[in-house]
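Worksheet for the structure shown next.
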Amino acid sequence: MIRLHSLRARLLLTVSIATLLAWGAAGVASYDKALHEADELMDGQLAQSAKLLMAQVLHETNELEAKGLSAAHPIEITENLDYDASHPYEQHLEFRVMNRNGLLLLRSAQAPEMAPPTPDSEIATYRDIKHAGQPWRQLSLRSSDGHYLVQIAHPTQERERVGMEVATQVALPILLALPILVLLVYFSVRGSLKPLEELAADVAARSPDNLEVLSEPQTLREAQPLVAALNRLFSRLAATLDNERRFTADAAHELRTPLAAVKVQAQVALASTDPTDHQHALRQVLAGADRATRLVEQLLRLARLDPLARLPQTHSLDLATSAASVVADMQAQAATKQQQLNFTPPATPIPIQGDADLLAVALRNLIENALRYTPAGGVIEVRADLVSQRPLLVVRDSGPGVNPEEAPRLLERFYRGQAAANAEGSHGSGLGLAIVERIAELHGAQLEIENRARGGLEVRLRWR
Amino acid sequence: MRVLLVEDDPLLGDGVRAGLKLADYAVDWVRDGEAGRLALLAQAYDACVLDLGLPRRDGLSLLKDLRSRGNATPVLILTARDTSADKVSGLDAGADDYLVKPFDLAELQARLRALIRRASGTSTPTLSHAGVVLDPATKQVSLNGQTITLSAREFTLLHDLLSHKNRIRARSELEKSLYAWGEEVESNTVEVYIHHLRKKFGAEFIHTVRGLGYRVGETG
């Protein structure tokens, strides 16, 4: 089946087909009706002619009886009655007249053989017969005394011609009106679709820089839900783009600080004559380069995680094993800062579906934060557990915790807490927790941050 | 010359401090806006290098607070934002100059020199009095056209006195100009260096104002 994607073509086709069907139905109905009426009319004519003939027969009974009976031959009317002035609806008539005994008294030249009606039939009997290969209509009429029988017949194709004529007369105007109708539909549809075309032009004019709302077309109510939906899409799109732009700008600005540090430290190294200062500045250059690298890595990680609606592929893994291996990897880092990093394994494995690499990134970020903000000699505890059948990963430190007024901003990208300014040495990217939150989301887990009653911070990844 | 550095980034702060020290500034480094505000309340600085993105109190707010108290310390802001709107808001809040990160250390030093010079009321890059000419940019000093070699401390002291020409500088003020926080101040340092300077430029070059301090030039 051909699908018509053009509203105009579909409407034109539908209207045309509907019109043609109506036309056809009207034609058939008129033809039927006309045929029936013609039947009635012509039966009436047959009756009239038969009665005329009967009257004539009764009037000239004696002569007929004398001639017919004596000659033992029926009188044959042989004169040619086909005048030039014949009317188109004039009937070609054939007839026979018989007496009670079935004796033929009178007949027309080409009168067909007509079966006599059964004796007990009514006075007038109509019957369809065949004559010379054509359908004919026959009427047998008995005189009231039952003495004479007049049979009269005419061909019925005339009646079909009449029916056709009437049907054509009825249906023709519809057929003539069809092209006009099609034109009207065409222009009406074109006019109605104009607001849609304007809307299309309006939408085409939109770009990421111009996401203004569309004005609602007043003339086309059907298009208004579309416009409303588009406007909602535009506002969502504008918000997303805004976020992206802000994030890109923020990222660029964030990179400027480590670059400034690298540049200044390098210049200090070039200018200082004191070997200790020189060495220190050079080490700071390296630290700055490391920090810029880490920031770029975190940015890339977030850029890759952000557009994901869900994890591209998940594996069955044991949360406890994953956590244990990350904790083992980070022991050296903890030792450098003279901190204790402990892992409490669960009694049973904790099976989850997820991405082991991403989970390791999340846990490493959490442990790095704890190491960064906890003073030397601190204790960092990592615990994996099943709480009411739901996996739970906890990192707690003995650091200063967070200011309650800062807590809501901790997940903001590039936000660094007060503790970050006081922390010596390494400087975070301000993206760590945002990355952890994103990874948690992708794993169907929730990130919870809470100050501990006895000091320090507790960060939890709680599976839903 | 004593400068306050307000910078939360450990690496950048360390670098700027080292860079300013190379230019013989005594540098006090604080890491948040509130600490900066308190430092500026407690101490007179020749200039302040101020980052805008700071924890606890952002740079602009610190600057407005400073100016609202009538403190005219020259302030140079460091900003990561380079749109003109950011620069305008910084200058409108009372900054005297700004630098966009990453910046050149030499440019930071030059801009600070210009700020301090303008604040002392001179527009020429060199300071001079009684045949003594001091060029803060090249750190060269001459007497009647003849180059005189000075130690870093001697230079800083002479720079301070010439910057406050015709005004009395207390011994404590001169000490603060020589030493940043945490540096050990030796007793009699100021007297020792004044003595050195008088030997090089003549006893009459620096006046002793009894009980108050020292002065270069006439009473203001």
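Within the shell of other residues whose beta carbon sits under 15 angstrom from the beta carbon of residue A:195, the net charge comes to -1, with Lys and Arg scored +1 and Asp and Glu -1.
If I fit a long axis through the Cα atoms of helix B:59-68 and take the longest principal axis of the Cα atoms of chain B, what angle between them do I get, 0 to 90°, rounded to 10? Roughly 60 degrees between the two axes. What is the helix-to-structure angle for B:33-42, meaning the angle in degrees between its Cα long axis and the longest Cα principal axis of chain B, kept from 0 to 90 and rounded to the nearest 10? The answer is roughly 30 degrees.
Compactness ratio for chain B: Cα radius of gyration over 2.2 N^0.38 Å (N = residue count) comes to 1.04. The calculated 222 nm mean residue ellipticity attributable to helices in chain A amounts to -18000 deg cm²/dmol, summing -39500 (n - 2.57) over DSSP H runs of n ≥ 4 and dividing by all residues.
For the residue pairs A:337/B:101; B:21/B:139; A:263/B:21; A:263/B:101; B:139/B:200; A:51/A:130, the C-alpha atoms sit more than 20 angstrom apart in A:337/B:101; A:51/A:130. Looking at the protein assembly as shown, the pairs of alpha carbons with a distance over 50 Å make up 54% of the total.
Using only alpha carbons, region A:146-231 has a radius of gyration to Kirkwood radius ratio (Rg to Rh) of 1.62.
To the nearest ten degrees, helix A:356-373 and the longest principal axis of the Cα atoms of chain A are 40 degrees apart. Looking at the P(r) of region A:229-323, how many percent of alpha-carbon pairs lie beyond 24 Å? Within region A:229-323, distances greater than 24 Å cover 53 percent of Cα pairs. Its Cα gyration tensor gives region A:366-418 an equivalent ellipsoid; the semi-axes, largest first and in whole Å, are 22, 17, 9. For peptide B:99-107, the mean count of partner chain Cβ atoms within 10 Å of a residue's Cβ comes to 5.
Spread over its residues, the convex hull of the C-alpha atoms of region A:284-346 is 119 Å³ per residue. Each other residue within a Cβ distance under 15 Å of residue A:128 adds +1 if Lys or Arg and -1 if Asp or Glu, for a net charge of -3. Would you kindly calculate the translational diffusion coefficient of region B:44-161, applying Stokes-Einstein with the Kirkwood radius from alpha carbon pairs, for 20 °C and a viscosity of 1.002 mPa s, and quote it in µm² s⁻¹ without decimals? It comes out at roughly 135 µm²/s. Scaled to the globular estimate 2.2 N^0.38 Å, the Cα spread of region A:334-463, given as radius of gyration, is 1.02. Hey, how much of the P(r) for region A:181-282 falls beyond 24 Å, as a percent of Cα pairs? Distances greater than 24 Å cover 58 percent of the Cα pairs.
Every number here is computed from the coordinates shown, using simple stated rules; none is lab data. A quick note: this is a predicted structure, and the numbers were derived from the prediction, not measured. Note that we place each Cβ from the backbone using ideal geometry, even for glycine, and neighbour counts take in every protein chain shown.
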